[in-house]
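The structure that follows is given in the form of structure tokens.
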Amino acid sequence: MADCIFCRIVAGELPADVVARTPRCLAFRDLDPKAPTHVLVVPVDHIDHAGELGPEHADMLAEVFDTARTVAEGDGVAASGYRLVFNVGDDAGNTVPHLHLHVLGGRPMAWPPG
Ligand code: DGP
């Protein structure tokens, strides 16, 4: 989608601090990090949000979660723990309408989130 920020990052049209790349997804550091590790894992093919996922996305999702684990290991937070978050809709604070998995770690995090 031409007007989607994350599609443009995937296409290399906008800069990003890329930490991992696979055939179906890209992982890059969040512009406004909420934790020492804050990486977004996004699918290459545009999908708006997690509420639109179906069985046909199983392979892509497996790759997204596999990449999240690779990112956590690379940042050294796999053993200490990390949080994986998909925000859906306004009440969750979803601001970018391209599916993205937040990988957050490097500090203790409250539950439930504020
Ligand atoms: P969400 O609230 O779940 O929609 O999270 C969107 C995240 O995307 C938010 O933490 C800030 C981040 N973000 C927004 N625009 C950019 C950008 O252009 N580059 C990067 N790296 N991150 C962005």
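Here, each number is a calculation from the coordinates, and none is a lab measurement. Bear in mind that the values here come from a model prediction, so they are computed numbers and not experimental data. As a convention, Cβ positions derive from the backbone with ideal geometry for all residues, glycine included, and neighbour counts pool all protein chains shown.
Mind checking which pairs have a first residue in segment 90-104 that is over 16 Å from residue 26 (Cα atoms) and assigned to a loop (DSSP other than H, G, I, E, B) and a second that is of a type in the set (S, T, N, Q) and near the ligand (Cβ under 10 Å from one of its atoms), Cβ under 7 Å, 6 or more apart or different chains?
The qualifying pairs are 93/87; 94/87.
Looking only at segment 80-105, count how many residues are over 16 Å from the mean Cα position of the chain (by Cα) and away from the ligand (no atom under 11 Å from the Cβ).
Total satisfying the criteria: 3.
With touching a residue at least 40 places away in the same chain (Cβ under 8 Å), more than 12 Å from the ligand (Cβ to nearest atom), assigned to a strand (DSSP E or B) and touching a Leu at 6+ places or on another chain (Cβ under 8 Å) as the only criterion, which of 20, 27 stands out? Steps first, answer last, please.
Working: 27 fails: more than 12 Å from the ligand (Cβ to nearest atom).
Selected residue: 20, the only one of 20, 27 that is touching a residue at least 40 places away in the same chain (Cβ under 8 Å), more than 12 Å from the ligand (Cβ to nearest atom), assigned to a strand (DSSP E or B) and touching a Leu at 6+ places or on another chain (Cβ under 8 Å).
Can I ask one more? Surrounded by fewer than 14 Cβ atoms within 10 Å (Cβ to Cβ) and either within 11 Å of the ligand (Cβ to nearest atom) or farther than 15 Å from residue 6 by Cβ (or both): does that describe residue 51? Reasoning before the result, please.
Details: surrounded by fewer than 14 Cβ atoms within 10 Å (Cβ to Cβ): yes; either within 11 Å of the ligand (Cβ to nearest atom) or farther than 15 Å from residue 6 by Cβ (or both): yes.
Yes; evaluated as a whole, the condition is true for this residue.
Continuing with this model, one more query. Within segment 34-41, identify whether any single residue is surrounded by 14 or more Cβ atoms within 10 Å (Cβ to Cβ), within 23 Å of residue 1 (Cβ to Cβ) and more than 15 Å from the ligand (Cβ to nearest atom), and answer yes or no.
No; the residues of segment 34-41 include none that is surrounded by 14 or more Cβ atoms within 10 Å (Cβ to Cβ), within 23 Å of residue 1 (Cβ to Cβ) and more than 15 Å from the ligand (Cβ to nearest atom).
Take the residues in segment 66-79 that are in a loop (DSSP other than H, G, I, E, B) and exposed (fewer than 13 other Cβ atoms within 10 Å of the Cβ), then tell me which one is farthest from the chain's Cα centre (by Cα).
Among them, the one singled out is 79.
Test residue 30 against the stated conditions and say whether it is closer than 28 Å to residue 108 by Cβ, surrounded by 13 or more Cβ atoms within 10 Å (Cβ to Cβ) and out of contact with any Lys or Arg (no Cβ under 8 Å at 6 or more places or on another chain).
When the stated conditions are applied, residue 30 passes them.
Return only the number of the condition from (1) farther than 21 Å from residue 17 by Cα; (2) small (Gly, Ala, Ser); (3) assigned to a loop (DSSP other than H, G, I, E, B) that residue 51 does not satisfy.
Residue 51 satisfies all of (1) farther than 21 Å from residue 17 by Cα; (2) small (Gly, Ala, Ser); (3) assigned to a loop (DSSP other than H, G, I, E, B) except (3).
Check off (1) among the small types (Gly, Ala, Ser); (2) at positive phi; (3) near the ligand (Cβ under 10 Å from one of its atoms) for residue 12 and give me the number that stays unchecked.
Result: residue 12 passes all but (3).
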